[in-house]
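Please read the structure below before turning to the comments.
The values are calculated or read from the model by the stated rules, or taken from the named source; none is laboratory data. Given the structure is predicted, the values throughout are model-derived calculations rather than measurements. Cβ sites come from the backbone with ideal geometry, for glycine too, and all protein chains shown count toward neighbours. The area values use the complete protein model at the heavy-atom level, side chains included, leaving out ligands, DNA and RNA. Shrake-Rupley method; radii C 1.70, N 1.55, O 1.52, S 1.80 Å.
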Amino acid sequence: MTAPAIAAPRPAGGPPSLKIVLTGPFGVGKTTLVGAVSDIAPVTTEARMSAGNADDDTSLTPAKTTTTVAMDFGRLDVDGVTLYVYGTPGQHRFWFMWDAIVRGAAGSVVVVDTRRLQDSFRHLDYVDHVRLPYVVAVNQFPGARSYPASAIREALALAADVPIVDIDARDRDSVRRLLIALVEHVITRTTPAPPSVCT
Ligand SMILES: Nc1nc2c(ncn2[C@@H]2O[C@H](COP(=O)(O)OP(=O)(O)OP(=O)(O)O)[C@@H](O)[C@H]2O)c(=O)[nH]1
Ligand SMILES: [Mg+2]
């Protein structure tokens with residue numbers, strides 16, 4: 001992987017860097033993903049979930065006891081490029097944070113769960129609206145059906161060039177592969193095509 005031309009400004013001599021934002025529905029694995037891949041101790045803003053809140057449906061993720069109330073943050077190096085990874089909060093009441101978190105981002109990951117793909121439409125609309133290149137990460141939960149990428153693409157009405165990557169959000173190598181796919185997609189989307197040559 002070569003350093004992308006759109007790398008964020010950095011101190012002289014520092015490595016090229018990119019800001020990446022994770023989004024996706026409540027409990028889909030965003031905080032887990034940041035924790036799995038970060039080279040530093042991730043910064044989290046978890047709070048215990050309150051009983052009786054309609055936003056706190058953990059029927060599909062029974063082990064979940066906390067939710068992100070502001071953001072997640074982690075950092076890793078991939079082939080000389082520093083990736084700053086920010087996770088957004090999934091609960092509706094914290095969506096107002098998204099605009100602040102997304103500022104300056106080069107690309108995004110929309111994390112989805114095949115048991116509730118419809119919950120991801122709002123997140124896909126958002127990354128389209130803010131014109132961020134993105135990849136879709138299918139987090140494979142136990143018991144969730146596995147679908148071919150073509151079926152996911154059709155169900156989510158994704159453009160043909162949006163990469164779809166199966167992940168285990170708990171697995172560092174799996175998440176690194178996902179983020180490399182995103183950086184390559186960002187490079188492709190932001191590198192102008194060479195001029196056509198007329199003979
Ligand atoms: N089996 C399995 N469990 C997972 C996986 N990813 C996350 N989990 C579990 O699913 C739950 C949800 O994970 P979180 O990482 O908190 O989800 P989130 O998207 O950050 O949630 P919010 O910030 O509240 O929207 C946790 O209990 C995780 O341990 C996965 O790949 N496989
Ligand atoms: Mg979270």
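Of the numbered conditions (1) within 20 Å of residue 36 (Cβ to Cβ); (2) over 14 Å from the mean Cα position of the chain (by Cα), residue 196 fails exactly one; give the number of that condition.
(1)
Take the residues of region 13-51 that are small (Gly, Ala, Ser) and within 13 Å of ligand 2 (Cβ to nearest atom): which is nearest to residue 175 (Cα to Cα)?
Within region 13-51, the match that is nearest to residue 175 (Cα to Cα) is 36.
Which of the residues that make up region 154-164 are within 22 Å of residue 143 (Cα to Cα) and open to solvent by less than 30 Å² (accessible area, probe 1.4 Å)?
156
Residue 32 is checked against (1) within 22 Å of residue 136 (Cα to Cα); (2) among the β-branched types (Val, Ile, Thr); (3) open to solvent by less than 50 Å² (accessible area, probe 1.4 Å) and fails just one. What number does that condition carry?
Exception for residue 32: condition (3).
Within region 165-188, track down each residue that is open to solvent by 40 Å² or more (accessible area, probe 1.4 Å) and without any contact (Cβ under 8 Å) to a residue 60 or more places away in the chain.
Answer for region 165-188, where residues must be open to solvent by 40 Å² or more (accessible area, probe 1.4 Å) and without any contact (Cβ under 8 Å) to a residue 60 or more places away in the chain: 166, 168, 173, 177, 188.
Please pick out the residue among 70, 106 that is under 18 Å from residue 33 (Cβ atoms), within 15 Å of ligand 2 (Cβ to nearest atom) and of a type in the set (A, V, I, L, M, F, W, C).
The conditions single out 70.
Of all residues in region 135-153, which are of a type in the set (Lys, Arg), more than 17 Å from residue 24 (Cβ to Cβ) and open to solvent by less than 80 Å² (accessible area, probe 1.4 Å)?
Matches in region 135-153: none.
Do the conditions hold for residue 33, that is, is it more than 8 Å from ligand 1 (Cβ to nearest atom) and within 21 Å of residue 166 (Cβ to Cβ)?
Against the criterion (more than 8 Å from ligand 1 (Cβ to nearest atom) and within 21 Å of residue 166 (Cβ to Cβ)), residue 33 does not qualify.
Taking the condition of being of a type in the set (Phe, Trp, Tyr) and out of contact with any strand residue (DSSP E or B) (no Cβ under 8 Å at 6 or more places or on another chain), how many residues in region 84-113 meet it?
Adding up the residues that qualify gives 2.
For residue 93, work out the one condition from (1) away from ligand 2 (no atom under 16 Å from the Cβ); (2) more than 12 Å from the chain's Cα centre (by Cα) it doesn't fulfil.
Looking at each condition in turn, residue 93 falls short on (1).
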